[in-house]
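To start, the structure itself, in structure tokens.
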Amino acid sequence: MNRKALFLIIAAFYACASLAHAVDAVDLRKKARELRDKKALVRITAIRELGQVHTEQSIELLVKHMAEEKDPAVRTQLLDVLALQESPSSLAAIIAALDDPNPSVRQQAVTLLRSYADNEAISRAVARRLEKEENESVKMTALDTLGAHRNKAATEELGTAVNREKNPAYRKAAIKGLGRHRSTESRNELDKIERNPALAKEAKEALGIQDAPAAAPKKKGKKQ
């Protein structure tokens, strides 16, 4: 192969690479415009497509739009997409959504944070939402999330909730969450709660959950 042919091949390669980069840039600009479209369906489609890109630029667009989107139904779907990005900025946006003015959005944020079982900072963020929350569904979801977290911060917050909350349903949910923790700290909390005659029954049941053997994973049977 002579030098001229080699030069043409290299030039063609760089031209294709530059073209691909330009197309990506145009697509991102197009999606950014679609995020500002008046039709919710157009915005949702753009959000889902950006969610499949997984680049810093696409995540930045999604995070920025979370703060700008006016429709709570779209914000709720945007949270689902942000949860799939697995980046610090997308997680920060989900945590920020705990203070969203719409209860459905707040509830979705609490639900998505359920999987961060070992993160005490997130447990405390959920607990702060729980303390000031007035919506019953969001409050119960927050208690369930803290029950799933099973770390020391979540245990402390559930114990605090038992003493703070006046609604019996919330107190029972907090006690049940403590029972799921299966830790020395949660047992100590339940022992204290059991001394309260009004809550002794629930505390005893939660202690029973702790003492019961953990369920073994189900084995898949062979197909006949």
Positive-pole candidate from GLY147, GLY208, THR160, dipole of region 117-209, charges at beta carbon: GLY208
The pairs in LYS39/LYS64; LYS70/LYS152; LYS31/LYS132 lying past 28 Å Cα-Cα in this model are LYS70/LYS152; LYS31/LYS132
Which value, in debye to the nearest 20, describes the size of the charge dipole of region 117-209 about its Cα centre when Lys and Arg Cβ atoms bear +1, Asp and Glu Cβ atoms bear -1, and nothing else is charged? 160
Between the residues LEU82, SER104, SER123, the Cα farthest towards the positive end of the dipole of region 76-152, that dipole coming from +1 and -1 charges on the beta-carbon of Lys, Arg, Asp and Glu, is from SER123
Apply the a/c threshold of 1.5 to the C-alpha gyration tensor of region 31-115 and tell me whether it is rounded, prolate or oblate. oblate
Taking neighbour counts of Cβ atoms within 10 Å as a proxy for exposure, in what order, fewest first, do GLU49, GLU202 appear? GLU49, GLU202
For q = 0.17, 0.18, 0.28 Å⁻¹, what log10 I(q)/I(0) does region 112-186 give under the Debye formula with an equal point scatterer on each alpha carbon and no solvent? -0.50, -0.56, -1.43
About its Cα centre, how strong a charge dipole does region 52-153 have in debye, to the nearest 20, once Lys and Arg get +1 and Asp and Glu get -1 at the Cβ? 300
Largest-first principal axis extents, alpha carbons of region 62-193, Å: 47, 28, 16
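Quick note: the coordinates plus some simple rules give every number you see, no bench work behind them. Worth saying up front: this structure is predicted, and the values here are computed from it rather than measured. We place every Cβ from the backbone using ideal geometry, glycine too, and count neighbours over all the protein chains shown.
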